[in-house]
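Contents: one structure, followed by commentary.
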Amino acid sequence: MREMSEENKYRNRYIYKETYEAAIGTFALAIVFLFVAILSLFFRSFEIEFIGLASWGFWLFIPAFFIFLGGFSQLYRNYKYKQVVKSALAQRNFQGTYKLEHIALEIGMKPKILLNVLLDLRTNGIIKYSFDAETGKIILGQPITYQPATEYVPPAKKLETPLPTEGKNYCVYCGHKMEAGGNFCPNCGSNL
């Protein structure tokens, strides 16, 4: 009964509407725009005609500026998300077993975004955690060593249906070699 009231307490409370994603693509696009704009100035100064770039290319400085702003905004947003998650885990002394959804609801973040933030924090060595293979709960303070399976083939980015897991001794989502039994991957927390 307590778990049910805990879930109702935070129902529909997601306050972070922005995404958590890498900003590298945004910066790459901004650099392309910047390069073309600089190239147009070069063409303009040496009076080289190439698809009229000398007459219009310098205008690309404007979108390049705003794309760079978007990239820095994404970096700041990612930093903010990491700080919120670290603060929530620090309140738990980075120890204990918790349901991931409860942590996500408490801090106002979607579970999928929380998983991405946790993965980045673990990859950078800031926190340690694994998942309970039976319940899928997150175990803070318990490190896990990724053991890749040789027969693992990474799945497509977008999946229509869950991947079949029968007869596989590894996680079909991350490739972690599994021990016998268990309903969840101890590395990525995927439901198997």
Among (1) part of a helix (DSSP H, G or I); (2) of a type outside the set (D, E, K, R); (3) at positive phi - the single one Leu69 does not satisfy: (3)
Restricting to the range 61-102, and then to whatever is within 19 Å of the chain's Cα centre (by Cα) and aromatic (Phe, Trp, Tyr), can you tell me which residue is farthest from Phe27 (Cα to Cα)? Tyr81
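Any idea how many residues of the range 140-171 are among the aliphatic types (A, V, I, L, M) and closer than 12 Å to Asn187 by Cβ? Full working, then the answer.
Here is the first cut: in the range 140-171, the residues among the aliphatic types (A, V, I, L, M) are 140, 144, 149, 153, 156, 159, 163.
If we keep only those that are closer than 12 Å to Asn187 by Cβ too, we end up with 144, 149.
Matching residues across the range 140-171 total 2.
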Residue, nearest to Val84 (Cα to Cα), within the range 1-27, restricted to residues that are loosely packed, with under 12 Cβ neighbours inside 10 Å and at pLDDT 90 or above: Ile24
Among residues belonging to the range 176-192 that are assigned to a loop (DSSP other than H, G, I, E, B) and either assigned by TED's automatic domain parsing to the domain that holds Arg122 or hydrophobic (A, V, I, L, M, F, W, C) (or both), point out the one that is nearest to Pro111 (Cα to Cα). Cys188
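Which one of Gly189, Gly141 is touching a helix residue (DSSP H, G or I) at 6+ places or on another chain (Cβ under 9 Å) and either among the β-branched types (Val, Ile, Thr) or under 26 Å from Asn93 (Cβ atoms) (or both)?
Working: Gly141 fails: touching a helix residue (DSSP H, G or I) at 6+ places or on another chain (Cβ under 9 Å).
One residue alone meets the criteria, Gly189.
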Kindly indicate the residue of the range 31-60 that is of a type in the set (S, T, N, Q) and either loosely packed, with under 10 Cβ neighbours inside 10 Å or within 26 Å of Phe72 (Cα to Cα) (or both) and also nearest to the chain's Cα centre (by Cα) among those meeting that condition. Ser40
Extreme residue, nearest to Lys82 (Cα to Cα), among residues of the range 32-66 that are in contact with a helix residue (DSSP H, G or I) (Cβ under 8 Å, 6 or more places away or on another chain) and either among the β-branched types (Val, Ile, Thr) or in a loop (DSSP other than H, G, I, E, B) (or both): Val36
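The values are calculated or read from the model by the stated rules, or taken from the named source; none is laboratory data. As the structure is a prediction and not an experimental result, all values here were calculated from the model. Positions of Cβ are backbone-derived with ideal geometry, glycine not excepted, and every protein chain shown enters the neighbour counts.
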